[in-house]
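Right, one structure below, let's go through it.
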Amino acid sequence: MVRWALTLLVLLLAAAPAGAKDTVVIYTALEPEQITDYMKAVNKTLPNLDVKMLRLSTGDISARFMAEKDNPVADVIWGVGATNVMVFKNAGLLEPYAPKGLARVQPLFRDKDATPSWVGIDIYMSAFCFNTDVAKKKNLPKPESWADLTKPVYKGEIVMPNPASSGTGYLSVASILQRMKEAEGWKYLDALDKNMAEYTKSGSKPCKDTASGERAIGISFEYVAMKMKKDGAPVEMILPKEGSGYEMEANALTKKGKSNAAARQFLDWAITDEAMSLYSKYFAAVAVAGFPVPEGLPKDISKVVFPNDFDWSAKNRERILAEWTKRYAK
């Protein structure tokens with residue numbers, strides 16, 4: 001708890017004019033710049049809400065939420081990996097809730113129960129960030145695939161997120177194990193580890209380190225790769241030819257929040273067209289069809305992602321993380 005107290009960032013993002021407001025406590029793993037953007041709309045559309053926001057990486061959100069199960073704090077989970085949210089459901093920490101407008105949400109983006117325990121909002125994909133300046137200086141070829149990353153030429157040049165703390169890290173590991181099957185998947189990860197310079201806590205940090213020239217290749221996700229490139233870094237985004245792993249960011253009502261009308265009001269807003277139009281500024285696929293895809297991202301992600309069995313990823317998460325930690329945690 002001391003470490004959390006020192007490192008957690010609590011954002012009080014709602015405006016606070018005089019007069020009573022309805023408080024809702026939200027835990028999220030969304031990127032800070034996305035939260036700032038989205039909350040402008042929340043504050044305007046839902047002026048009666050006093051939103052107290054805790055933003056952490058996916059793994060830290062999960063650890064905190066599970067640790068608080070006997071004394072819950074959060075009313076709402078917003079934009080946390082579906083695999084992790086399914087773990088919350090299986091632990092009995094969520095309250096089924098069908099937000100207004102649920103019928104518009106594509107079937108892939110929701111819990112299979114008639115009254116869902118979670119509803120997805122967007123999909124993010126694993127992607128490589130490749131620093132072309134560093135590559136030129138070190139005479140490194142451009143990697144096109146997961147297989148390429150195990151070549152000896154990249155030794156010490158790759159950084160990726162730790163799957164125990166990062167949803168992006170876990171989606172990459174889980175997708176490799178699903179695609180290759182576990183025996184071959186672990187052999188691949190053993191080979192990849194030989195080239196690894198560092199495992200980071202954050203899913204976005206590998207790409208940020210690559211953009212700054214600290215590394216040649218960062219295994220991250222497509223949003224941050226596109227942002228680094230847009231901001232002027234000498235970075236190329238690469239979607240591996242075998243297929244990108246993907247994860248879904250999802251929302252849920254917690255058991256603590258079940259009697260909080262403000263929590264339900266927020267979750268209703270979080271799947272409106274207004275919300276979807278904001279999510280679609282950053283992601284190639286959102287829960288409601290018909291929104292434009294950001295420039296530079298594939299128009300049809302089904303052609304570039306490897307299918308994710310979310311049930312398998314959730315049920316096997318602790319076992320996979322234990323094995324990964326035993327093999328690669330330094």
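The values are calculated or read from the model by the stated rules, or taken from the named source; none is laboratory data. Note that the structure is a prediction, hence the values are computed from the model and not measured. For accessibility, only protein heavy atoms count, side chains too; no ligands or nucleic acids. Shrake-Rupley method; radii C 1.70, N 1.55, O 1.52, S 1.80 Å.
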For region 81-121, take the convex hull of the Cα atoms, compute a quarter of its surface area, and give me that in nm², please.
2.8
Hey, what number do you get for the chain at 222 nm if only DSSP H runs of n ≥ 4 count, each worth -39500 (n - 2.57), divided across all residues, to the nearest 500?
-11000 deg cm²/dmol
Heavy atoms of T150: accessible area, 1.4 Å probe, square angstrom to 10:
50
Here are some pairs, K112/K241; K40/K299; K255/K315; which of them have Cα atoms lying more than 23 Å apart in this structure?
K112/K241; K40/K299
Solvent-accessible surface (1.4 angstrom probe) belonging to L278, in square angstrom, nearest 10
20
Once the Cα atoms of helix 167-180 and of the chain are each reduced to a long axis, what angle between those two axes, in degrees from 0 to 90 to the nearest 10, is obtained?
60
Accessible area (Å², per residue) of region 267-330, counting only protein heavy atoms and a probe of 1.4 Å:
51
Share of carbon and sulfur in the accessible heavy-atom surface of the chain [1.4 Å probe, %]:
55
Whole Å is fine, so just give me how far the alpha carbon centre of region 34-65 lies from that of region 221-270.
12
Long-range amide H partners of R215 with built H, under 5 Å:
T210
Accessible-area ranking of M39, M228, largest first, probe 1.4 Å:
M228, M39
Set of aspartates and glutamates with alpha-carbon distance to K155 below 15 Å, sequence-local pairs under 8 removed
D190, D193, E198, E214
Equivalent ellipsoid, region 54-141 (semi-axes from 5 times Cα gyration tensor eigenvalues, Å)
35, 19, 10
Using only the heavy atoms of the protein chains and a 1.4 Å probe, how would D268, D70, D309 rank by accessible area, largest first?
D70, D309, D268
If eta is 0.890 mPa s and T is 25 °C, what Stokes-Einstein diffusion coefficient results for region 57-97, Kirkwood Rh from Cα pairs, in µm²/s?
236
If you average the sequence gap of Cα pairs under 8 Å that are 6 or more apart and divide by the length of the chain, what percent do you get for the contact order?
24
Using 19 Å as the Cα-Cα cut-off, could you pick out the over-long pairs in K181/K205; K208/K229; K187/K326; K205/K227; K69/K258; K52/K100?
K181/K205; K52/K100
Residue by residue through region 98-107, what is 3J(HN,Hα) from phi via Karplus (6.51 cos²θ - 1.76 cosθ + 1.60, θ = phi - 60°)? Round to whole Hz and write x for glycine and proline.
9, x, 4, x, 4, 4, 6, 6, 4, x
Of the beta bridges DSSP finds with both residues in the chain, what % are antiparallel, to the nearest 5?
60
Treating every alpha carbon of the chain as one equal point scatterer without solvent, the Debye formula yields log10 I(q)/I(0) values at q = 0.09, 0.10, 0.13, 0.15 Å⁻¹ of -0.45, -0.56, -0.95, -1.25
Normalising by the residue count of region 129-249, find the relative contact order in percent from Cα pairs under 8 Å and 6+ residues apart.
40
